[in-house]
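The values are calculated or read from the model by the stated rules, or taken from the named source; none is laboratory data. Please read these numbers as outputs of a predicted model, since none were measured by experiment. Every residue, glycine as well, gets a Cβ built from its backbone with ideal geometry; the counts of neighbours run over all protein chains shown.
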Amino acid sequence: MRVWLAATLLATPACERLFDKGAKESIAAADKKAAAGDYRAAVNLYEGALDGTAKTAEVHYKLALLYDGKLKKPIDALHHMERYLELAPSGAHVRDAKA
């Protein structure tokens with residue numbers, strides 16, 4: 001049990017780096033899909049990049065904009081704006097998110 005726990009703890013930083021790289025790649029791919037007008041694919045990629053931390057607050061904001069402006073789903077947009085505000089209470093888009 002101790003060996004397994006030690007191996008898990010030692011592997012965690014590498015897993016986080018892989019996740020961060022994968023999340024960044026997903027966000028970049030989502031940005032491209034959104035720019036090309038493939039909003040549903042962009043939403044799927046953005047959703048896949050979310051990890052529940054402040055690192056992905058910007059992704060919630062991007063999702064909110066897509067749901068509101070492109071997919072016409074205000075309830076989903078509101079949810080992501082609220083998550084953005086929770087994760088980044090002093091973020092760059094707070095004024096817009098509150099409006």
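Selection within region 23-69: residues that are of a type in the set (A, V, I, L, M, F, W, C) and in a loop (DSSP other than H, G, I, E, B). The member of this set that is farthest from ALA88 (Cα to Cα) is ALA36. The one condition from (1) more than 16 Å from GLU25 (Cα to Cα); (2) surrounded by fewer than 19 Cβ atoms within 10 Å (Cβ to Cβ); (3) within 14 Å of the chain's Cα centre (by Cα) that GLU58 does not meet is (1). Among the residues making up region 23-41, those that are exposed (fewer than 15 other Cβ atoms within 10 Å of the Cβ) and over 12 Å from the mean Cα position of the chain (by Cα) are LYS32, ALA35, ALA36, GLY37, ASP38, ARG40.
Residues in region 75-88 that are part of a helix (DSSP H, G or I) and over 15 Å from ARG40 (Cα atoms): ILE75, LEU78, HIS79, HIS80, MET81, GLU82, ARG83, TYR84, LEU85, GLU86, LEU87. Scanning region 27-64 for residues being in contact with a Leu (Cβ under 7 Å, 6 or more places away or on another chain), of a type in the set (A, V, I, L, M) and modelled with pLDDT of 95 or more gives a total of 7.
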